[in-house]
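Novice: Handing you this structure, nothing more for now.
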């Protein structure tokens with residue numbers, strides 16, 4: 001996750017960003033290049049009770065060679081309780097392949 005900063009309950013206009021990376025057989029990470037794919041991007045937010053909310057995401061920097069997707073929180077009810085929240089990206093590629101990142105955890109403050 002890139003520059004997520006502090007999140008508080010009821011926050012809006014928070015820009016949630018996730019860098020999607022491949023790990024090679026030599027255990028080296030590299031950003032996924034989305035520039036030649038027009039698939040769909042989602043950021044899944046997982047509340048402290050393990051309920052998931054899928055949010056439509058987009059490329060942060062077109063054409064997407066840096067692998068960063070994001071969405072801006074527009075609903076004050078998304079972060080409705082303090083606690084440890086999870087964030088993961090889900091990408092559906094043009095060819096039907098699906099890529100899901102590991103879950104990143106972040107504390108939401110009251």
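The numbers here are math on the coordinates, done by the rules we state, and not lab data. Remember, predicted model here, so these are calculated numbers, not experimental data. Because the Cβ atoms are built from the backbone with ideal geometry, glycine has one as well, and the counts that use them run over all protein chains shown.
Novice: Could you calculate the contour length gain from residue 6 to residue 107, that is, 0.36 nm times the residue separation minus the distance between their Cα atoms, to one decimal place in nm?
Specialist: Using 0.36 nm per residue and subtracting the Cα-Cα distance, I get 35.6 nm.
Novice: Given a cut-off of under 8 Å on Cα pairs at least six residues apart, what relative contact order in percent is computed for the chain? Display every interim value, and only then the final one.
Specialist: On the way: 240 pairs, mean separation 36.1, N = 110.
Computed over the chain, the figure is 33 percent.
Novice: Please give the contour-minus-distance gain from residue 15 to residue 80: 0.36 nm per residue of separation, less the Cα-Cα distance, rounded to one decimal in nm. Don't jump to the answer; show the numbers that get you there.
Specialist: Numbers: separation 65, 0.36 × 65 = 23.40 nm, distance 1.67 nm.
Answer, rounded to one decimal: 21.7 nm.
Novice: Oh, and also: Please give, to one decimal in nm, the separation of the simple spin-label points placed at residue 93 and residue 40, each 7 Å out from Cα toward the Cβ.
Specialist: 1.8
Novice: May I pose another question? Scale the Cα Rg of region 7-109 by the rule-of-thumb value 2.2 N^0.38 Å and send over the ratio, two decimals. All intermediate terms of the calculation are to be shown ahead of the outcome.
Specialist: Details: Rg = 14.2 Å, N = 103, 2.2 N^0.38 = 12.8 Å.
For region 7-109, the normalised Cα radius of gyration comes out at 1.11.
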